[in-house]
Amino acid sequence: MPPKQVYGKRTNRTAVNYSKFLSPDKECLLQGPKTTPTNEATKKRQMRKQEAIVATEQVEQQLEALTIQDKPAAVEREMIHEVRDGKKTTRKALRTKDTNMETKEYCRTEEAVEKQTSRRRAKSPQVVIRVKKENTNIQHEEHTMVLPISTSIASQPPDEDVYTRHITSLLSFCHRPQLTSFADWSSELDPHFDIIKIAEASYGEVYRLSLKPSVTIPGFSRTDESVLKIIAIKSPLDAPTPIPCSRESKRTRGKPVSNQNQKQLVDRQEKETWMSDVEGIKSEVQLLQHLTPIPGFTNFRDLLIIQGRPPPPFITAWKTFNKSRKRGQKSVFPDPSKKASYDDTQLWAVIEMQDAGTDLEKLIEEGGMGNIWEIWDVFWGVCLSVGKGEEECRFEHRDLHLGNICIRPKSSAVDPTEPWVTRPLTKKLGFTGLETTIIDYTLSRADMSNPSQAQPDSPSSSSSLSTSSTRVQEPDVAYLDLDKDPAVFEGDADEEYQYEIYRYMRSIVYHSDPLRPYLSPASECYTPEPPRRPSHKTPKKSLRPQKDIWKQFHPKTNLIWLHFLLFKLLQNLTFPSSVRAEKVTQQVEETEREVLDKKTVHKKAVKLERVLRKVEAWLEPEVLGKEDGLGCVRDLIVVALEEGWLGEEDVVGDGVEEYV
């Protein structure tokens, strides 16, 4: 029966012969008499061993000639003499382990390195290589050799030039044209401002800088406070990948380092799918600068490029925002407190804008936008801003959901959820004094030069706009090719109607009809699906779409987003026609309420309701697909002027050129 094996203990057995060369008592064990070979087979084995020893000596001599100056000596060899059968022989011994072997402790100082090396020498056995020398009188010197360090283990500092070169095109828009540490920049803000996360955009998070109550800055008021849109930037393609661990896993064992790096590169690209590239951010910043002078668009202030993990103030703001959200509406962005969310080399673009107030989505959640006066002011305020953008630079927003419309009262003393109504019988617009601002131009499109000389005769047709022969030269266009991000069109409309609007918009761009099935750019032709509206016409084949189709001007996309806006506003409205006159006049300012006739005010409110109902019908997707429907927001504003729904002073606004 074999001896019982006990886990963790060594059995009392005699060590095998080769283990003697690794024991501390090897010097005594090697002095025993050596027997003489007794047969030819033994002689042949001895000759083969001697040849192997000579070959080993030659390899060692070649390795001894190698020296790497960048690292300290890691392997020391010395000649050890011993006497066998009255003859003095020489052999070499390795004093330390190879530098490529993994260490459990990371030594930061030379003293720590020496201390750790000495501890290893005392604990680890010496490996002896036997080499036969013909001339033992030669004095051997100690040789120092360092083996090449594997890139899979060595810690290499990141190449800062790679990241700076990657964002060079953005630095020209910055007042601080250099890469800044996220932590250092946050420490500059912390003494003066409270950092509060207020919203999430398509590709970025929005924070508000609120002046601390205890801080006073000369010439600075709360109206000067800023909003920061922080966008994560994709890493450059030539950025170094994370250094893999020296301890091989079952999945990577035996695989080349290059294959492991390639796997890490693929993993990084998958992790950064939701992030923005440099060109997309550059396009948005150009749009911000270009649209700032137009009334109703946000005021761009500055751009800053930072690097690193989010510091504690931003982590706290993220957690507070996420905790306040309802179940199912939590943040879609990674938790910045988790190390796996972002790397130390993560790049960020910080877009600073003037604080435009509270977004419409949050305002509705807080109980606002419930009466006809507020909804009228907000809807037509957005229409006028988009229409002016169309006139000035052929602007399309392409993402005009409720979160991208901000509301701010003209007076800071007014609550935006319960504004007072003034002069309801004499005004045509501006009953509540609420100002609207359009934000977030990530998906937007606009000409960067004045298109006045390039405008065709009829702005109602998107095809004529894109192929006009009167254009002297093609203007520079800032836009985002949405075909490269198909996830925008894959949302579930049962969850939120907004996701259906993206697909309507794509069908408008390709077919000028929101209900027509989408044609893939890779298709030569297609047979459309059964239409949603009854039709007796035979479906016709369509040609392949034009190249850079998202670069062209398709103003109907603005109309389909106005359809979504009005749909959401009316969904939240308490209709005047369904309530008594006293309910309608509750929001009227008290001094005017006493002198105004309640029935007359109620009649005016019902009239506004009917107008919005009519506009809602014009903006239905089925109607927009018709040739005789509205072609752009400008057409809608012209109708509003002709019908007397808006006054000329409402449309002209802050000195902007008139539409008619």
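The values are calculated or read from the model by the stated rules, or taken from the named source; none is laboratory data. Being a predicted model, the structure only gives us computed values, none of them experimental. FYI the Cβ positions are ideal-geometry reconstructions off the backbone, even for glycines, and counts take in every protein chain you see.
Would you call residue 579 touching a Gly at 6+ places or on another chain (Cβ under 6 Å), free of Cβ contacts under 8 Å to residues at least 40 places away in the same chain and not hydroxyl-bearing (Ser, Thr, Tyr)? Against the criterion (touching a Gly at 6+ places or on another chain (Cβ under 6 Å), free of Cβ contacts under 8 Å to residues at least 40 places away in the same chain and not hydroxyl-bearing (Ser, Thr, Tyr)), residue 579 does not qualify. Listed by first and then second residue, the pairs linking a residue in region 266-280 that is of a type in the set (Gly, Ala, Ser) to a residue that is assigned to a loop (DSSP other than H, G, I, E, B), with Cβ atoms under 8 Å apart and 6 or more places separating them unless they lie on different chains, are 276/203; 276/234; 276/442; 280/203; 280/442; 280/480. Within region 474-501, residues that are outside the structural domain of residue 282 (by TED's automatic domain parsing) and more than 26 Å from residue 278 (Cβ to Cβ) have Cβ atoms under 7 Å from residues that are surrounded by fewer than 10 Cβ atoms within 10 Å (Cβ to Cβ) and among the acidic types (Asp, Glu) in these pairs: 499/492, counting only partners at least 6 apart in sequence or on another chain. Quick check: is even one residue across region 434-453 at pLDDT 90 or above, assigned to a helix (DSSP H, G or I) and either farther than 30 Å from residue 601 by Cα or touching a His at 6+ places or on another chain (Cβ under 6 Å) (or both)? No: zero hits.
With respect to the conditions (1) in a helix (DSSP H, G or I); (2) buried (at least 24 other Cβ atoms within 10 Å of the Cβ), residue 349 lacks only one, and its number is (1). When residues in region 326-336 are screened for being surrounded by 14 or more Cβ atoms within 10 Å (Cβ to Cβ) and either at pLDDT below 90 or more than 17 Å from residue 201 (Cα to Cα) (or both), 0 of them pass. Taken over region 263-292, the criterion of being out of contact with any strand residue (DSSP E or B) (no Cβ under 6 Å at 6 or more places or on another chain) and either within 16 Å of residue 204 (Cβ to Cβ) or among the acidic types (Asp, Glu) (or both) is satisfied by 267, 270, 272, 273, 274, 277, 278, 279, 280, 282, 284. Name every residue in region 168-207 that is more than 26 Å from residue 321 (Cβ to Cβ) and crowded, with 17+ Cβ neighbours inside 10 Å, in order of residue number. Correct list: 170, 173, 174, 179. Candidates are the residues of region 565-611 that are under 27 Å from residue 403 (Cα atoms) and in a loop (DSSP other than H, G, I, E, B); the one that is farthest from the chain's Cα centre (by Cα) is 575. Filter region 376-424 down to residues that are under 31 Å from the mean Cα position of the chain (by Cα) and assigned to a loop (DSSP other than H, G, I, E, B) and give me whichever is surrounded by the most Cβ atoms within 10 Å (Cβ to Cβ). The qualifying residue surrounded by the most Cβ atoms within 10 Å (Cβ to Cβ) is 395.
The residues listed here are 652, 579, 623, 595; of these, the one that is within 19 Å of residue 296 (Cβ to Cβ) and among the aliphatic types (A, V, I, L, M) is 652.
Apart from one condition, residue 430 fits all of (1) outside the structural domain of residue 499 (by TED's automatic domain parsing); (2) touching a residue at least 60 places away in the same chain (Cβ under 8 Å); the exception is (1).
Looking at 596, 559, just one residue is at pLDDT below 95 and closer than 24 Å to residue 378 by Cβ, and that residue is 596.
Taking every residue in region 234-248 that is hydroxyl-bearing (Ser, Thr, Tyr) and pairing it with any residue that is at pLDDT below 80, at least 6 positions away or on another chain, the pairs with Cβ-Cβ distances below 6 Å are 241/261; 246/102; 246/153. On the given criteria, is residue 355 out of contact with any helix residue (DSSP H, G or I) (no Cβ under 7 Å at 6 or more places or on another chain) and exposed (fewer than 15 other Cβ atoms within 10 Å of the Cβ)? Taking the combined requirement at face value, the residue does not satisfy it. Between 214, 181, 221, the distinction of being at pLDDT 95 or above, in the same structural domain as residue 273 (by TED's automatic domain parsing) and over 29 Å from residue 401 (Cα atoms) belongs to 181 only.
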